[in-house]
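We did not get these values from a lab; they are worked out from the coordinates using the rules stated. Bear in mind that the values here come from a model prediction, so they are computed numbers and not experimental data. FYI the Cβ positions are ideal-geometry reconstructions off the backbone, even for glycines, and counts take in every protein chain you see.
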Amino acid sequence: MSVFLQPIYTQTVGSGGASSITFNNIPQTFTDLKIVVSTRMNNASTLGYTTIRFNGDTASTLYSYTYLDANLGGGPSSSRSSGNPWFLNVPGASSTTNTFSNSEVYIPNYTSSNYKQGILDTTGENNATSGAWLTEYASLYRSTSPITSITLNDLFNSASFVQYSTFSLYGVLRQGV
Amino acid sequence: MSMYPIATTTVGSGGSTGVTFSSIPQNFTHLQIRYSVRGTNSGTNDFTYVQLNGDGGNNYARHHMQGDGSSAISFGQTGSGIGAIWAAQVPFASTTSNVFGSGIIDILDYTNTNKNKTVRSIGGFDANGSGYANLSSGVWMNTSAITSILVSYPNYAQYTTVSLYGITTSSVTGA
């Protein structure tokens, strides 16, 4: 069987929580990257915002996204944004106890000298008919540099990831069978 | 390597109301189900359902977003009478022949006893003039490790296939 999905790093948040997670020195030997996130944030809301930035780039001009979203309190909607980093909708402190996100980020051609495109699927579940989020993002990182590091943290730099949150980075090899 | 096939079931000529994966190995980090399904029921289409550890009680919340080619809707349920989480809608008897729906279901940290189990899925089908695209999720309000999964529908048609994979976060010796 082909070696197509290879674990690179995994981080599990300990009892003190974590304000950010960074994957450094990402190997440049794969074709695509996949990030799997199961997290919960300690902000006082049913919803937390886990941002994703690359290579330490914080310039808002580098990031944009288009999304399809359902906040289950209302119908689905679609919109786009420029100037915000990529992010995942995840449960916040007011969501059902012990409930964590189920999120995946797929980034093809992360070593390319073209801009980087990503697909993000994320759910912020909650034991309620409303106050839960389902979102799919198509996101753009307008940099021609290879991705060598990835940082995840709170959009507002005020909340933390709670204990037992897990973040896993995989390398994907597209190769012939 | 980090993704391993655990089991696959193909529905035979008599059809089936569900596929159960039991005695799931506890040495992976995440689980993924990939399926190709069709129903034999008439009337209206229905969802594929995911039930964990045989719990058919009122211990789930589930949410769903779908598009049918002309409009999109979303909705959620919690409380009594649920007993399972939604995955994507399934083509049924009046859908164009030989059309099977497909989907992927992800369950993270399935052995972690500090977490309720959250299920996320994408899927749907196109039948050349009809169809649905779906994104679904749900939570099982239970922190137990998952040892069995029932993937069900009122009646799956022959040739329906459902496969379970285990995903690790480290390489497994000998893989």
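Counting only lysines at least 8 places from A:Lys116 when in the same chain, those with an alpha carbon closer than 27 Å to its own are A:Lys34.
For B:Ala88, the residues whose amide H sits under 5 Å from its own are B:Thr48, ignoring neighbours fewer than 5 places away on the same chain, with H placed 1.01 Å from N. Each of A:Tyr65, A:Asn55, A:Phe4 was scored by the projection of its Cα onto the charge dipole of chain A, and the greatest displacement toward the positive side belongs to A:Asn55; charges sit on the C-beta of Lys, Arg, Asp and Glu. Kirkwood analysis of the Cα pair distances in chain B returns a hydrodynamic radius of 16.5 Å. Contact order for the range B:3-167, expressed relative to its length and based on alpha carbon pairs under 8 Å spaced 6+ residues apart, stands at 42 percent.
Rounded to two decimals, the Cα radius of gyration of the range A:5-172 over 2.2 N^0.38 Å is 0.99. The range A:9-73 and the range B:14-52 have Cα centres spaced 30 Å apart. The residue list B:Ser2, B:Ser144, B:Thr17 was ranked by how far each Cα lies along the charge dipole of the protein assembly as shown toward its positive end, using unit charges on Cβ atoms, and B:Ser2 comes out on top. Taking every alpha-carbon pair under 8 Å whose residues sit at least 6 apart, chain A reaches a relative contact order of 41 percent. Using a cutoff of 8 angstrom between alpha carbon atoms and counting only pairs six or more residues apart, the relative contact order for the range A:87-177 works out to 24 percent.
Taking one quarter of the surface of the convex hull spanned by the alpha-carbon atoms of the protein assembly as shown gives a direction-averaged projected area of 17.8 nm². Across all Cα pairs in the range A:27-85, the calculated P(r) in 5 Å bins from zero up to the longest distance comes to 4, 12, 14, 21, 26, 14, 5, 3, 1 percent per bin.
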